[in-house]
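To start, the structure under review is shown below, and the notes come after it.
The values are calculated or read from the model by the stated rules, or taken from the named source; none is laboratory data. All values reported here derive from a predicted model rather than from experimental measurement. Methodologically, a virtual Cβ is constructed for each residue, glycine included, from the backbone with ideal geometry; neighbour enumeration extends over all protein chains shown.
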Amino acid sequence: MTFWDIWNMTFGFLGIQFGLALQNANVSRILQSFGADVSHLSLFWIAAPLTGMIVQPIIGHYSDQTWTRLGRRRPFFLAGALMAALSLALMPNAPVLAPYIAPMFIGAGILMIMDASINVAMEPFRALVADLLPSEQRTLGFSVQTSLIGVGAVLGAILPYVLTNWLGVSNVPDPVEGHLVANNVKYAFYIGAVVLLGSVLWTIVKTKEYPPADGKKPEKQPFWQIGKDFMNIPKTMKQLGVVQFFSWFALFSMWVYMVPAVADHMYGTTDNASQAYANAGDWVGILQGVYNGVAAIFAFLLPWIAGKISRKGTHAMTLLLGAIGFISFYFIQDPRMLVLPMIGIGIAWAGILAMPYAILAGALPAHKMGVYMGIFNFFITIPQIFNGLIGGVMVKHLYQGKTIFAMVFSGICLLVAAVSVLFVQDKDDPVQLLQYNRKRA
């Protein structure tokens, strides 16, 4: 496929990540505005990985067996995007929807629906790249996808800051007027809904899927086949599972605790209704834009680096730089200097989004691509659920309420992931195949 074919095929991920970036940077603020305690935030965030763990294998299983006028994966893009856009519009309005129920519980419910919808739209995008690209183009395909993810995440992360500082929209809630969520966050979620739906529609219109080679519809398999497939996952997937566990445990801590960590460690406040806390939250949005922007740019270097030092070596390098970035948070007092560690975290994010999938795709049977990509999501969601269950306990008892140590522990996790990836088997890597053939010769 040409570069622009690949670009169109993955463009929908820009909107999906736009919505996820708004969620990652602002949901903790929204839930705290609704009354959630900081030590309980990780429990609310379990909604995201839990729905992903349930939804993605099911969507993968049924998309493998689907063939319609829209193709195999595109019907799922459309359904998920419609529901996700609606959820984004509803999220900051939870108090209006819940006159008799605590807003934070309604907010958590909308968060779960939003994540389920995003997962319906997102899972087939991974499978589509593997469906349509040969092995030698898969690193490029997932790298372009990562770049678009980065662009969408930058736009989503900085949008509340832009609305406040460029357009004068208030960034402080006004409880007197009944507004528990600041207007800059509320308007950003409305814009995110439009961007998500529009970008997914672009991919649906611009991308062609090819019917089965024999002209027959895919054979229907029973639902419980997912369990059988799970019991027969390839060795490469199991090895990548260890890498993914430590990588996503670290990322989950960042998304949940970065705002309170920066507010406490650099701005000197834990009062989520204060101006200082609001400023910290807006600055974290900018920092999340920085790491996603770095990922968007660095993703284009991944195929070249992988061609020099292999996919595994590339991923290990990116994880190491991310680990250094997380650990350095503790030693920084000026919030403006946090831009530097976010560069390392951005490089790690580029690697996490692209390299495991490029390594995995060559180890999967083509007719099971969707379900195995969905099952692979277990190794993303389980560490987040585990973090959600123990993260609040760690903050309260191990860190004594100092969320900055959650960032440091994220760095330690990425160090473990960087070492683990060196033990992964990647038989499909063109660099390793070349080295192997030279040794045989």
Practice task
For Leu43, indicate whether it is out of contact with any strand residue (DSSP E or B) (no Cβ under 8 Å at 6 or more places or on another chain), touching a residue at least 60 places away in the same chain (Cβ under 8 Å) and part of a helix (DSSP H, G or I).
Solution key: yes
Exercise for the section: Output the residues belonging to the stretch 1-40 that are among the acidic types (Asp, Glu) and not in a helix (DSSP H, G or I). Expected result: Asp37
Practice task
Just give me the residues in the stretch 140-155 being modelled with pLDDT under 85 and either over 25 Å from Val284 (Cα atoms) or not hydrophobic (A, V, I, L, M, F, W, C) (or both), in sequence order.
Solution key: Gly150
Handout entry: Selection from the stretch 37-62 of residues that are over 21 Å from the mean Cα position of the chain (by Cα) and either within 17 Å of Leu251 (Cβ to Cβ) or hydroxyl-bearing (Ser, Thr, Tyr) (or both)
Key = Ser39, Tyr62
Practice task
Would you mind telling me which numbered condition in (1) free of Cβ contacts under 8 Å to residues at least 12 places away in the same chain; (2) more than 24 Å from Gln225 (Cα to Cα) Pro95 fails?
Solution key: (1)
Practice task
Name the residue, out of Thr51, Thr66, that is surrounded by 18 or more Cβ atoms within 10 Å (Cβ to Cβ) and outside any helix (DSSP H, G or I).
Solution key: Thr66
Practice task
Looking only at the stretch 190-202, decide whether some residue is outside any helix (DSSP H, G or I) and either more than 20 Å from the chain's Cα centre (by Cα) or free of Cβ contacts under 8 Å to residues at least 60 places away in the same chain (or both).
Solution key: no
Practice task
Starting from the stretch 399-417, take each residue that is within 20 Å of Ile332 (Cα to Cα) and without any contact (Cβ under 8 Å) to a residue 24 or more places away in the chain and list its partners that are crowded, with 17+ Cβ neighbours inside 10 Å and of a type outside the set (Gly, Ala, Ser), counting only C-beta distances under 6 angstrom and pairs at least six apart or across chains.
Solution key: Tyr399/Phe405
Exercise for the section: For the stretch 412-441, name all the residues that are small (Gly, Ala, Ser), at pLDDT 95 or above and either touching an Asp or Glu at 6+ places or on another chain (Cβ under 9 Å) or surrounded by fewer than 22 Cβ atoms within 10 Å (Cβ to Cβ) (or both). Expected result: Ser420
Fill in the blank from the handout: Result of the Cβ filter at 9 Å on the stretch 345-367, keeping first residues that are closer than 19 Å to Gly60 by Cα and without any contact (Cβ under 8 Å) to a residue 40 or more places away in the chain and partners that are surrounded by 22 or more Cβ atoms within 10 Å (Cβ to Cβ) and among the charged types (D, E, K, R), at least 6 apart or interchain, is none
Practice task
Mind listing just one residue for me: the one in the stretch 386-408 that is buried (at least 19 other Cβ atoms within 10 Å of the Cβ) and under 30 Å from Pro57 (Cβ atoms) and, of those, modelled with the lowest pLDDT?
Solution key: Gly388
Practice task
Hey, can you tell me all the residues within the stretch 61-88 that are touching a Gly at 6+ places or on another chain (Cβ under 9 Å), at pLDDT 85 or above and among the small types (Gly, Ala, Ser)?
Solution key: Ala81, Ala84, Ala85, Ser87
